[in-house]
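The values are calculated or read from the model by the stated rules, or taken from the named source; none is laboratory data. What you are looking at is a predicted structure, and each value in this text was computed from that prediction instead of being measured. Because the Cβ atoms are built from the backbone with ideal geometry, glycine has one as well, and the counts that use them run over all protein chains shown. What goes into the accessible areas is simple: the full protein's heavy atoms, side chains included, and nothing from ligands, DNA or RNA. Shrake-Rupley method; radii C 1.70, N 1.55, O 1.52, S 1.80 Å.
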Amino acid sequence: MPSQYQNTYESWKNDPYSFWDKAAARIDWFKKPSQVFDSDTGGWFVGGEANTCYNAVDRHVEAGRGAQIALIYDSPVTGTKRKITYAELLDEVETLAAALADLGVGKGDRIIIYMPMVPESVVAMLASARLGAIHSVVFGGFAPTELAIRINDAKPKAIISASCGIEPSGVIAYKPLLDEAIAMAAHQPDFCLILQREQQDCALIDGRDFDYAETMNATRATGKKQPPVPVKATDPLYILYTSGTTGQPKGVVRDTGGHMVALAWTMDHFYGLKAGEVFWAASDVGWVVGHSYICYAPLLFGATSVIYEGKPIGTPDAGAFWRVIDEYNIAVMFTAPTAFRAIRKVDPDGALMNNYNLDNFRALFLAGERTDPDTLHWAREKLQVPVIDHWWQTETGWVIAGNPLGLGLVEVPPGSSGRPMPGYDVQVLDDDGKPIARGNLGNIVIKLPLPPSCLPTLWNADARFKDAYLTAFPGYYTTSDAGMIDEDGNVFIMARTDDIINVAGHRLSTGAMEEIITSHADIAECAVIGAADQLKGQLPIGFYVLNDGVKRPPEELEAELVALVRAKIGAVAAFKTAIEVKRLPKTRSGKILRGTIQKIANNEAYTAPATIDDPAILEEITAALRGRGLLK
């Protein structure tokens, strides 16, 4: 079947409001919208009233699909597996919502969810939505100072947490972190609901803390069930904090109506899913991917979603993903490129795939960080299915540019994130706001208005929202990504604008250099940063990790990498330094902390980011630079 992408995109561009009005028909509204879009307020589906939890759970049960599996919980770190039907999920959600209501939570109140990857985290999100409350999920295990900042900003009435999280390295006690954060915070929640896990329980504070299981059992004994509360389409569903340049996290607000409409549209049109199939987003509920594609989109669509408490390697080996795909008949998977780089590093031949039946697996989607062509080619060769890179942000909640499996794939060159999706008029501007010719590097922006689901503002920070996203290029949303668009309309995200380096007056993409370095057969992954240089302004330094089992003299490999970059980019790149390291510093979601590496290389003061996976890696980077005489 020929791709319907171009026709679909043009139909949106020719009549955007009719396009989204049609998409909104897939949502069950208590009160239908009177206006698709209000240009004065920027609100979508104005006048409409609905409830996200009702659309994600109740309506499937009412349609006779209560016996269908809604959630699959698979925890290799605890040896636990569990399947929850839509009917069972409804019972859990309406009971928790009733319990929260009895404790005083109502429409518009905030609930912070500080949970590990367990079904109760999704139940908590849905129960909040059911009440018309606003949830803010904070990645489990976040440092107390970071949690306290979010408590002060969101001012939650309640916090839902757990006694502990489980990592391959051991048990992480959450309750002491939570208690410390509350002690630090100026705002105090009315109460905390604590899920006691058998791997490690915790002491509860009288009058403030309630046991999750006991509270659920007591509410269930009364027979109370909380009905869904109608909210306006423009009312907030959740706040999700993302890092800010000032150190103060930005509370991205997600509205109710536009979020449902956009996410429901993506499941079949973009990800190519069919009703009742199993979708797996191998992420965490603390990140936007977990919000959109573990919790909400699969359930809005009526699919089955997987909650995986494990890693791509080490739980127990690099065949972990293939085991889950086989065991649960996964149709489509979504994960970060870094997960596949980790698998490839340990099992470069993909031998462990041979232990599992992947015949029903249809497509792999990658996002969260730029997918280097080498990883893309490896995954395609080993899996023999479409492997699709796509690009979006916490701020948008869904894909900006990609290759739509559901509409029929188009030709996308490796290294590109694909074509803009309906709703997004993606353009490239120079620093003065003037359009840049196709194929040239510049600032990636999106012409206003933004489509449904994109942030309408930041929580209690309208001025900061405008300053951060709308001021640099009037009439456009600033993505803070740099890249280009080719003659066919394919979008290439090369780096964050902070990662564009200036070498003797030449603007160069560190992403382009990384792409070349990772094309070397011995390299598992790399990061390139721009270090300050008195003569040329900046000079690129590469840090690389070898594939498992590879042993090469560093000087020899460095010479090969320098020659590769010179051959592909030219002498203008001035790339002369490639340093071997055992690992790269990353966030828990897998993003390489290039900015922090750059500060180390420039001998600047830095604070280890709250999201860092292992702060000890920063010392390893420092030692590697010192070993090359690049730091005193």
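Being at pLDDT 95 or above and touching a Ser or Thr at 6+ places or on another chain (Cβ under 9 Å) narrows it down to one of 364, 352, 358, 383, so name that one. Explain how you work it out, then say what you get.
Working: 352 fails: touching a Ser or Thr at 6+ places or on another chain (Cβ under 9 Å); 358 fails: touching a Ser or Thr at 6+ places or on another chain (Cβ under 9 Å); 383 fails: touching a Ser or Thr at 6+ places or on another chain (Cβ under 9 Å).
Within the list 364, 352, 358, 383, the selection yields 364.
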Quiz item: For residues in the stretch 444-477 being open to solvent by less than 20 Å² (accessible area, probe 1.4 Å) and touching a helix residue (DSSP H, G or I) at 6+ places or on another chain (Cβ under 6 Å), which is nearest to residue 423 (Cα to Cα)?
Solution: 452
Quiz item: Can you tell me which residues in the stretch 157-193 are out of contact with any helix residue (DSSP H, G or I) (no Cβ under 6 Å at 6 or more places or on another chain), closer than 27 Å to residue 308 by Cβ, free of Cβ contacts under 8 Å to residues at least 60 places away in the same chain and not polar (S, T, N, Q)?
Solution: 158, 159, 162, 164, 165, 170, 171, 172, 173, 175, 176, 192
Exercise. Those residues that are open to solvent by 10 Å² or more (accessible area, probe 1.4 Å), within 19 Å of residue 215 (Cβ to Cβ) and in contact with a Pro (Cβ under 7 Å, 6 or more places away or on another chain), I need them from the stretch 150-188; list them, please.
Key: 157
Quiz item: Just wondering, is there one or more residues in the stretch 562-575 that are modelled with pLDDT of 90 or more and of a type in the set (Lys, Arg)?
Solution: no
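Out of all the residues in the stretch 357-367, is one or more over 18 Å from the mean Cα position of the chain (by Cα) and without any contact (Cβ under 8 Å) to a residue 24 or more places away in the chain? Walk me through how you get there before you give the answer.
Of the stretch 357-367, the ones over 18 Å from the mean Cα position of the chain (by Cα) are 357-363.
Filter again for without any contact (Cβ under 8 Å) to a residue 24 or more places away in the chain, leaving 359.
There is at least one residue in the stretch 357-367 that is over 18 Å from the mean Cα position of the chain (by Cα) and without any contact (Cβ under 8 Å) to a residue 24 or more places away in the chain.
To keep it simple, each residue is scored yes or no on (1) open to solvent by 30 Å² or more (accessible area, probe 1.4 Å); (2) modelled with pLDDT under 95.
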{"residue": "35", "(1), (2)": "yes, no"}
{"residue": "39", "(1), (2)": "yes, yes"}
{"residue": "42", "(1), (2)": "yes, yes"}
{"residue": "48", "(1), (2)": "no, no"}
{"residue": "51", "(1), (2)": "no, no"}
{"residue": "64", "(1), (2)": "yes, no"}
Quiz item: So which pairs qualify, if the first residue must be in the stretch 380-408 and within 22 Å of residue 477 (Cβ to Cβ), the second must be among the hydroxyl-bearing types (Ser, Thr, Tyr) and open to solvent by 20 Å² or more (accessible area, probe 1.4 Å), the Cβ gap must be under 6 Å, and the two must be at least 6 apart or on different chains?
Solution: 394/242
Quiz prompt | Residue satisfying all of: in the stretch 1-25; among the aromatic types (Phe, Trp, Tyr) and either out of contact with any Lys or Arg (no Cβ under 8 Å at 6 or more places or on another chain) or without any contact (Cβ under 8 Å) to a residue 40 or more places away in the chain (or both); least open to solvent (accessible area, probe 1.4 Å) among these | solution = 20
Quiz item: Quick check: is even one residue across the stretch 383-394 among the charged types (D, E, K, R) and assigned to a loop (DSSP other than H, G, I, E, B)?
Solution: no
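Could you tell me which of the residues 261, 229, 252, 285 is in a helix (DSSP H, G or I) and either open to solvent by less than 40 Å² (accessible area, probe 1.4 Å) or farther than 15 Å from residue 52 by Cβ (or both)? Quick ask: steps written out before the conclusion?
Details: 229 fails: in a helix (DSSP H, G or I); 252 fails: in a helix (DSSP H, G or I); 285 fails: in a helix (DSSP H, G or I).
Being in a helix (DSSP H, G or I) and either open to solvent by less than 40 Å² (accessible area, probe 1.4 Å) or farther than 15 Å from residue 52 by Cβ (or both) holds for just one of 261, 229, 252, 285, which is 261.
Taking helices (runs of 4 or more DSSP H) that do not extend beyond the stretch 543-629, which have at least 1 residues that are touching a residue at least 60 places away in the same chain (Cβ under 8 Å)? Working first, answer last.
Numbers: elements: 554-568, 594-601, 616-627.
The qualifying helices (runs of 4 or more DSSP H) are 594-601, 616-627.
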